[in-house]
Amino acid sequence: MQKFVQVVPLQPIRQTFTYSIPDDLAPVVHIGSRALIPFGRKIITGIIAGFTDNAVEKKIKPLWDILDPEPIWTKEFMDFTEWVANYYLAPWGEVLHAALPQGMAGESGFLVVPIVEDLAERAKLLAKTRAIKRAELLRLVALNPSGISLKTLRNKLQFGGINTAIKEYEDQGLLMLQATDAEQKAKPKFIRMMRIAENLLNDDDLREGMAELEKRSPKKATVLALLYDNHLKDKGGLAVSAIIQRTGASAAALNGLADKGYAVLYKIEIKRSFFTGIPKTPPIYQLNERQLTAINAIASAVLANNFHPFLLHGVTGSGKTQVYIEVIKKVLAKKRSVITLVPEISLTPQLIDRYRAHFGDEVAVLHSRMSIGERYDTWRAVQSGKCNVVIGARSALFAPVKNLGMIVVDEEHESSFKQTDAAPRYNARDCAVVRASMERAAVVLGSATPSLESFYNATAGKYTMLELPERVDNALMPDIVVVDTREARKKKEMHNNISFFLRDQIRVRLQKKEGIILLQNRRGFAPIQQCLDCGAAPECPHCSVTLTFHKVKNQLRCHYCGHSIPAVTACMSCGSTNVKLFGAGTQRVEEDIAALFPDAKIARMDLDTTSHKGAHKEILDTFGSGDADILLGTQMVAKGLDFPRVTLVGVISADTQLHLPDFRASERTFQLLTQVSGRAGRTAAQKGEVVIQTSNPNDEAIKSVVQHDYKGFYADELQKRKELFYPPFSRIILIEFKGKDDKFVQQHANMLKRFITPDGYSEILGPHQPPISKLRDEYRWRILIKNDKEKDGGGTKIRRALQRALDEYTTRYATRAVRVIVDIDPQGV
Ligand SMILES: [Zn+2]
Ligand SMILES: [Zn+2]
């Protein structure tokens, strides 16, 4: 029996703390349980991370309480989260906090409410004995008839026995503990039920009882008859609300029945779930040779109980999902569980449907648009082992599955696996490989356009490469045609943003009632409203970007901070009325198409049309069922959609991403165009066609897309990365400084830089301003580190050097006026 525990507070603090274990808590203290700990003058929640016999701290306080009688996480999971914290230089508590569903990280959500009226007197009596703390507790509760929060009580009383005392008083009926709103939603939800009493199930007793009730209270007799009927049907009870609704009996009447022993009131837990409707039956599916090879390779790794990473490189429409499904069947048969990570849940209804068709209620979806209650229930269903197939976006990486057998990362190249807006800034794809290795599981990274990093790992032998070079069901890859928009414009063969060639293709499809997808990766109407005389374009006053014109509200809007102003009629800088709109967003393309084809029904899908819950699904259903002829949208339309009726894909402008100041700009363009092209002609019956409009027809990325040449593109791009020392050859670390005072922010960036001791394996660049130098009223400066992956394997050396520098900087110069954000392996540099 060890004396002390190490606890990680669920706070952004880079430290664990030691506590002693009170005797009464000793049996329930486990690694991976939540504990309440005294921390400064507060009581906060932490996670037990380990036991120890020696403590370094001088004054050791005892643990206050344990919130989970059984640990919620395993030792392996704790180790994994610690790795995440170390790698991304994030506090461990922050990682653990991110892994918990909302509402479980704090315990502020309880009210203590007095029930009896003489509580104050009882407090006085108690005060005469020696139970001072208990007396004070009752006094405080008595003072607050509508309830006092448990948190306040803890802080005021500093009383270790508070939980026991409250529990006792609650049992005595003096007070009650009431969950407040947020916590309420994250608690199990119960409904009240009623069933007929066992002793009435004998015919004679029932007849006697009914006769007696009919005389005195016919309503009650009706209820009893209903309960008896229901018992005959399925031996179960009925919800109290349903009984009241069906019989018109009052709640008091039901209580009366229970009091007299005719019926029994009880509660059952309701599982709130994200799903509505029943799963479809799985289609019969003929697997091809390549799929079988992939399935066998992954399945044997799972059966061998070994860590094994795979890259599943399959062209669009090659049946990757079915490979996942077949392997999952085998994983489940071994009583192990599976996590599938997808870029965004809203955009993957088809994958979820197929999983549900095969695995029914085993499937749990973790979704950011779920209510707190739905999330909590789903999390618990996974944690308790009821659901062993988890699907979710990046945070599902932390799903508390038992006995992990496999992690699938579908569309592994997507940048949304990286968390960029808040710490921990982890990449779920990279972390999935680590989690799988720590839990001896298989990990499958699937994509038609693998990231350069993953493909490099596969060619270097770190991952096993599995290839699906052909589409299933003998469907052919689509033909891709490039339209040079500069040429077309010269020849006057453009109708605004639509070339005559694309227009003619659309017309043919509309006549044949076939589906059309159009991509314009820019929302709004026009990205720039520019003065033809002086060249000025209205910029956001809070960010250094131009404002985008939105026609619906005749507004100029900032896509970074949301700031909007009415559209201008005269130039804000020279007053000229010669202002024009340049460029095209989805709204303008919609207008162009509507002008050309007034009868066509267009479904537009972009950030502006999908803000409400269920919007994606509505739009996709409308298009899938043929109620809309054309699906037009931003990159959302490129992702994982499988509609057999689509035979034409049009890219309005392939140039939108090509010139972004990002070393991955080419890679992103190649991926987006290949993915959107892949939506065309997914059946053998109809070969698809893709029209790509661009003013850069000779760009390597675009040429590779046309030739379906991933490997050619990869070789070319890899060479460029090597020359410029970018990933996969280096590890990038970005340190961003933000604040209201430009000069001051720059100074601080320089101060930190001076503390970074060169390790010989890293280039330290900057400070420099990023392309968008001001965002939401804050100026930004950056330091960029390129760390040699060959020489500093796990990046240990640079992280150590950086941590030292950060500590030094923090002790000497840290100020609220400058925020410092460290991003390891950032997206978009
Ligand atoms: Zn002007
Ligand atoms: Zn802005």
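A few points about this structure:
- Members of the range 234-257 found to be in a helix (DSSP H, G or I) and among the hydrophobic types (A, V, I, L, M, F, W, C), listed by number: Val240, Ala242, Ile243, Ile244, Ala251, Ala252, Ala253, Leu254, Leu257
- The set of residues in the range 550-564 being away from ligand 1 (no atom under 16 Å from the Cβ) and in a strand (DSSP E or B) consists of His550, Gln555, Arg557, Ser564.
- Val829 being of a type in the set (Val, Ile, Thr), touching a Phe, Trp or Tyr at 6+ places or on another chain (Cβ under 9 Å) and either under 19 Å from Asp421 (Cα atoms) or free of Cβ contacts under 8 Å to residues at least 12 places away in the same chain (or both): yes
- Scanning the range 488-498 finds one or more residues that are of a type outside the set (Phe, Trp, Tyr), within 20 Å of Val646 (Cα to Cα) and touching a helix residue (DSSP H, G or I) at 6+ places or on another chain (Cβ under 9 Å).
- Listed conditions (1) free of Cβ contacts under 8 Å to residues at least 24 places away in the same chain; (2) over 30 Å from Ser300 (Cβ atoms); (3) more than 16 Å from ligand 1 (Cβ to nearest atom) are all met by Leu510, apart from (1).
- Listed by position, the strands (runs of 3 or more DSSP E) contained in the range 1-92 that have at least 3 residues being crowded, with 19+ Cβ neighbours inside 10 Å are 4-9, 34-39, 42-52.
- Answer residue from the range 519-568, given it is within 30 Å of Gly624 (Cβ to Cβ) and under 27 Å from the mean Cα position of the chain (by Cα) and is nearest to ligand 2 (Cβ to nearest atom) among those: His559
- Screening Ala654, Ala701, Ala638 for residues that are open to solvent by less than 50 Å² (accessible area, probe 1.4 Å) and farther than 24 Å from Phe623 by Cβ leaves exactly one candidate, Ala701.
- The range 491-515, subset open to solvent by 90 Å² or more (accessible area, probe 1.4 Å) and basic (Lys, Arg), residue nearest to Val589 (Cα to Cα): Arg507
- Single unsatisfied condition, Asp410 versus (1) among the charged types (D, E, K, R); (2) open to solvent by 10 Å² or more (accessible area, probe 1.4 Å); (3) in contact with a strand residue (DSSP E or B) (Cβ under 7 Å, 6 or more places away or on another chain); (4) farther than 29 Å from Asp642 by Cα: (4)
- Of the helices (runs of 4 or more DSSP H) lying entirely inside the range 686-774, those containing at least 3 residues that are touching a residue at least 40 places away in the same chain (Cβ under 8 Å) and farther than 18 Å from Ile785 by Cα are 700-706, 710-724.
- In summary, Lys601 fulfils each of the numbered conditions (1) within 16 Å of ligand 2 (Cβ to nearest atom); (2) open to solvent by 70 Å² or more (accessible area, probe 1.4 Å); (3) without any contact (Cβ under 8 Å) to a residue 40 or more places away in the chain; (4) of a type outside the set (Asp, Glu) with the single exception of condition (1).
- Selection within the range 370-384 - assigned to a helix (DSSP H, G or I) and either of a type in the set (Asp, Glu) or in contact with a Phe, Trp or Tyr (Cβ under 9 Å, 6 or more places away or on another chain) (or both): Glu374, Arg375, Asp377, Thr378, Gln383
- Cβ pairs under 6 Å, 6+ apart, first in the range 534-549 and touching a residue at least 40 places away in the same chain (Cβ under 8 Å) and near ligand 1 (Cβ under 10 Å from one of its atoms), second assigned to a loop (DSSP other than H, G, I, E, B) and of a type outside the set (D, E, K, R): Cys534/Ser573; Cys534/Cys574
- Evaluating Ile498 against the criteria (1) modelled with pLDDT of 95 or more; (2) of a type outside the set (S, T, N, Q); (3) within 16 Å of ligand 1 (Cβ to nearest atom) leaves one unmet condition, (3).
- Residues of the range 746-766 satisfying the condition of being on the phi > 0 side of the Ramachandran plot and buried (at least 17 other Cβ atoms within 10 Å of the Cβ): Gly766
- Filtered residues of the range 569-590 (kept if free of Cβ contacts under 8 Å to residues at least 60 places away in the same chain, crowded, with 19+ Cβ neighbours inside 10 Å and either within 16 Å of ligand 2 (Cβ to nearest atom) or within 24 Å of Met636 (Cβ to Cβ) (or both)): Glu590
- Selection of the range 795-820 for residues being outside any helix (DSSP H, G or I), of a type outside the set (A, V, I, L, M) and either within 12 Å of Ile756 (Cβ to Cβ) or in contact (Cβ under 8 Å) with a residue 12 or more places away in the chain (or both) yields Gly795, Thr815, Arg819.
- The residue that is farthest from Gly585 (Cα to Cα), counting only those in the range 538-549 that are surrounded by 20 or more Cβ atoms within 10 Å (Cβ to Cβ) and not β-branched (Val, Ile, Thr), is Cys543.
- Filter result for Asp473 (outside the structural domain of Val323 (by TED's automatic domain parsing) and at positive phi): yes
- Members of the range 310-369 found to be small (Gly, Ala, Ser), part of a strand (DSSP E or B) and under 20 Å from the mean Cα position of the chain (by Cα), listed by number: Ser337, Ala364
The values are calculated or read from the model by the stated rules, or taken from the named source; none is laboratory data. Here the structure is a predicted model, which is why all the values come from computation and not from measurement. When we count neighbours, we look across all protein chains shown, and the Cβ atoms used for this are built from the backbone with ideal geometry, even at glycine. Quick note on the areas: whole protein, heavy atoms, side chains included, nothing else; ligands and nucleic acids left out. Shrake-Rupley method; radii C 1.70, N 1.55, O 1.52, S 1.80 Å.
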